[in-house]
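What follows is one structure encoded as C-alpha cells, with my remarks underneath.
The values are calculated or read from the model by the stated rules, or taken from the named source; none is laboratory data. Everything quoted here is computed from the prediction, not taken from an experiment. Heads up, the Cβs are rebuilt from the backbone with ideal geometry, glycines too, and the neighbour counts pull from every protein chain shown. Surface accessibility is based on the protein's heavy atoms, side chains included, excluding ligands, DNA and RNA. Shrake-Rupley method; radii C 1.70, N 1.55, O 1.52, S 1.80 Å.
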Amino acid sequence: MTLRSRLRPADAMSIGTVGLRARRVRATLSALGIAIAIAALVAVLGVAESSKRQLLDELGRQGNLLTVATGQTFDGRPTPLPTTAQAMIARIPPVLATTAVGNVEDATVRRTDRIPPQNTNGINVLAAQPSLPATLSARVLRGSYLGPPAEQYPETVLGYSAAQSLGIDRLDAQTQVFIAGRYFTVIGVLDRVSVAPEIDTAALVSFGVADRLFGLGGVPTRIYLRVDPDQVAAVAAVLGPTASPGNPRDLMVQRPSDVILARLQAKGAFVGLFLGLGAIALLVAGVGIANIMVISVLERRAEIGLRRALGARRRDVAAQFLLESAALAVIGGAAGIGLGCLATAVAARLAGNPLAIPAEAPLAGLAAALLVGALAGLYPATRAARLPPADALRTL
C-alpha cells in the first residue's frame with residue numbers, strides 16, 4: 001500500500017510564508033504596490049462618501065428653499081420685481097420666511113479710490129434685508145451682519161469670495177471699501193452660501209442706504225423663501241401668479257437645492273473614473289506579484305525538487321506558492337486599507353466634511369487584494385507543481 005503525503009493547514013501556512021520571511025525586502029516592495037492601489041480605492045470611496053454626506057446634509061437643510069426672480073435685460077442686468085411681490089408671497093400659508101435682495105446697478109466695489117474703476121473683480125452691490133442670514137442659513141464668518149445702524153450709515157457686509165478678492169482677511173474699525181464713489185465700513189464677512197452663490201460675490205448694504213445713496217427705490221430683484229418641506233412643489237406652482245399676477249410667465253422660480261443634486265451626480269461620475277484608475281493600479285500591482293512569484297519559482301527549483309522527492313504532491317507545491325502570493329496580497333491590502341482610511345480622515349478634516357467611510361470599502365479592498373493575489377499566483381504555482389523532481393534536483 002502506498003502511503004499518501006498529508007500537509008496540515010498549519011504546516012501549509014508555515015511553508016507558504018517561508019519565502020516572504022526569507023526575502024523581506026522583496027516581499028515588502030511587492031506588497032507596497034498592492035497597498036498603494038487598495039489605499040487609492042478606499043480613499044476614493046471614503047472621500048466621496050464624506051463629501052456626499054456633507055452634500056446630503058446640506059440638501060436636507062436647503063431642500064425647502066425657493067427663489068423668485070425676473071429675467072434680465074439685454075445687457076445682463078436683472079429686472080426688478082413688483083414692489084408688492086414679497087408681501088404677497090409671505091401670505092402663502094406654507095411660506096415660513098422670506099427675504100429679498102435688490103441689485104444696485106453701476107455700483108463698483110474697490111479696495112480704495114486709487115484702484116481703476118474697471119478693476120471690479122466681478123463684485124456686485126446688493127441691498128439686503130436683516131432676515132437674509134436666517135432665511136438662507138448663512139453664517140457670519142467674521143464681524144456682524146447689517147443691523148439697525150446700517151440703515152443710516154454706510155456699512156457693508158462682504159460675501160466670502162468678495163472678501164477674498166478684496167484681500168480682506170481681518171476686520172477692524174478702519175477696514176473700508178470704496179463703493180460707488182463712497183467709502184463703506186466693512187462690519188462683517190459671510191461664510192460661503194452654496195445655495196445662493198450670488199451672495200458670495202457681493203457687497204451687501206441695507207435697503208435704507210441703497211435707497212438714499214443709490215436711488216434703488218426699495219425694489220427687489222430676487223426673493224428667497226423658506227416653505228413647509230411637504231409643500232415645496234405646491235408653493236412653487238403658485239409663486240409666479242402670486243408675485244406678479246399680470247406677468248407670471250416673466251418670473252423664474254428656482255429651487256437652489258437642484259444645484260446640490262447636480263453636484264452629487266457630478267461627484268458620482270468622478271468616483272467611477274477614479275475607481276477605474278484604481279482598478280488599473282491594482283492590476284499593475286498584481287502583474288508585479290506574478291512576476292516576483294515566477295522569479296521565486298525559478299530560484300527555488302531545488303527546494304521544489306527535494307520536496308517532491310520526499311513525497312510532496314503536486315497540489316501541495318501549488319498550494320505553497322498560491323498561499324505565498326495570497327499572503328503577499330493580503331498584507332499589502334491590509335496596509336492599503338489603513339492608509340486609505342487615514343487619507344480619508346485627513347481629507348475630510350481639511351475640507352470640513354464629516355468622516356464617512358462605507359463599511360463595504362475595507363471589505364471590498366481586502367477581497368480585491370486577495371483575488372488579485374490568488375490570480376497572480378496561479379500561473380507560478382502551476383509551473384512549480386509541474387516541475388519534474390529529477391530536473392529540479394539537478395540544480396542542487
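Things to note:
- Of the residues examined, V193 is not one that is under 32 Å from the mean Cα position of the chain (by Cα), in contact (Cβ under 8 Å) with a residue 12 or more places away in the chain and under 22 Å from L213 (Cβ atoms).
Conditions (1) at pLDDT 75 or above; (2) small (G, A, S), marked per residue:
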position: G60; (1), (2): no, yes
position: G63; (1), (2): no, yes
position: D75; (1), (2): no, no
position: P78; (1), (2): no, no
position: L96; (1), (2): yes, no
position: D106; (1), (2): yes, no
position: V109; (1), (2): yes, no
position: R114; (1), (2): yes, no
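- If you go through the range 377-396 and keep only what is surrounded by 19 or more Cβ atoms within 10 Å (Cβ to Cβ) and at pLDDT below 60, you end up with just A392.
- Conditions (1) in contact with a Lys or Arg (Cβ under 7 Å, 6 or more places away or on another chain); (2) free of Cβ contacts under 8 Å to residues at least 60 places away in the same chain; (3) of a type in the set (A, V, I, L, M, F, W, C); number of the one not met by V177: (2)
- Taken over the range 201-235, the criterion of being under 15 Å from A85 (Cβ atoms) and surrounded by fewer than 20 Cβ atoms within 10 Å (Cβ to Cβ) is satisfied by G217, G218, V219.
- Among the conditions (1) assigned to a helix (DSSP H, G or I); (2) closer than 23 Å to N121 by Cα, P149 misses just one, which is (2).
- For the range 147-163, taking the residues that are open to solvent by 20 Å² or more (accessible area, probe 1.4 Å) and of a type in the set (S, T, N, Q), the one that is nearest to the chain's Cα centre (by Cα) is identified as S161.
- Residue identified as touching a Lys or Arg at 6+ places or on another chain (Cβ under 9 Å) and at pLDDT 75 or above among L323, L355: L355
- The residues of the range 324-361 that are hydrophobic (A, V, I, L, M, F, W, C), more than 24 Å from R23 (Cα to Cα), part of a helix (DSSP H, G or I) and open to solvent by 50 Å² or more (accessible area, probe 1.4 Å), listed by number, are L342, V346, L350, A351.
- Residue count for the range 131-146 under the criterion of being under 17 Å from V205 (Cβ atoms), in a loop (DSSP other than H, G, I, E, B), open to solvent by 30 Å² or more (accessible area, probe 1.4 Å) and in contact (Cβ under 8 Å) with a residue 40 or more places away in the chain: the result is 2.
- Qualifying positions in the range 185-199 - surrounded by 21 or more Cβ atoms within 10 Å (Cβ to Cβ) and outside any loop (DSSP other than H, G, I, E, B): V186, I187, G188, V189, L190, I199
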